[in-house]
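Remarks on the structure that follows.
Please treat every number below as a calculation from the coordinates, not as lab data. None of these values were measured; they are calculated from a predicted model. For neighbour counting, all protein chains shown are included, and Cβ atoms are generated from backbone atoms with ideal geometry for every residue, glycine included.
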Amino acid sequence: MPQPATVPATAEIISVRAGAASTILTWQLSSVTDIPVQGLTLNTTNGVRGWPDAVRLLDPVGKKTYAVNTMDANIDTYCVCARFPSHVGPDPVRMTSAYPPLPASVTSVSVRIPNFEPVTLPVTRWPPTAATADTLSRNAVTLSDASEALHSRE
C-alpha cells in the first residue's frame, strides 16, 4: 500500500492523452522548498522506489493497471519516461511517460504516483475524433474571422 508523501511536495496531473500507439501522461512535481531526490524517489524512508517509472495508470472500470513502457538496451532496461529530476523545488518539474494504448472504452484513469493520493481524470483521445477535429476547425475559422474583423477596424 502506498505510503503518504514524506516530503512537502505537490504532484499535478496535466493530461492523459491516449492514441492508437501509446498513451502519454504529462505531470509535474513541485515543493515549497528545494528537495534533493533520495534514491530516485521522494520517499525518504521505506527504501528505494523507482520513480517516475513507478507511476501507474488504472482503468477504474476494467480494473486493469498499466505500467510505463520500457525499452531494453543491452543489459539495462529503461522506462520510456522523463529523466529523474535531481531535485524538486518551487519551479515545477514537468515529466512525461509513455504507456500502452488504452482501449477506446476507457474514458478515465486513476493516476497512481508512489507516496501520493490517486487522482482520477478523463482521458483525451489523440488524434481527435472527426467531430472534435471539426469543432477545432470551426473554432480556428471563428478566431481567424475575429482577427480579420479586428484588424479591419484599425
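One decimal place: the segment Ile24-Trp126 gains 35.7 nm when fully extended, by the rule 0.36 nm per residue minus the C-alpha distance. Remark on Gly19: its backbone amide H falls under 5 Å from those of Ile24, Leu102, Trp126, a criterion applied only to residues 5 or more positions apart or on other chains, H modelled at 1.01 Å from N.
Amide H contacts of Thr70 (H built 1.01 Å from N, in plane; Pro and chain starts excluded): Val80 sit under 5 Å, all sequence-distant by 5 or more or on other chains. Here the residues Met95, Met71, ranked from fewest to most Cβ neighbours within 10 Å of their Cβ, fall in the order Met71, Met95.
Cβ-Cβ distance of Ala104 and Asp34, R₀ of 41 Å, FRET efficiency by 1/(1 + (r/R0)^6): the value works out to about 0.45.
Rounded to whole numbers, the Karplus 3J(HN,Hα) couplings from phi for the stretch 89-95 are x, x, 7, x, 9, 8, 9 Hz, using 6.51 cos²θ - 1.76 cosθ + 1.60 with θ = phi - 60°, and x at Gly and Pro. Panel order for Asp59, Asp91, Asp76, by other beta carbons found within 10 Å of each beta carbon, from fewest to most: Asp76, Asp91, Asp59.
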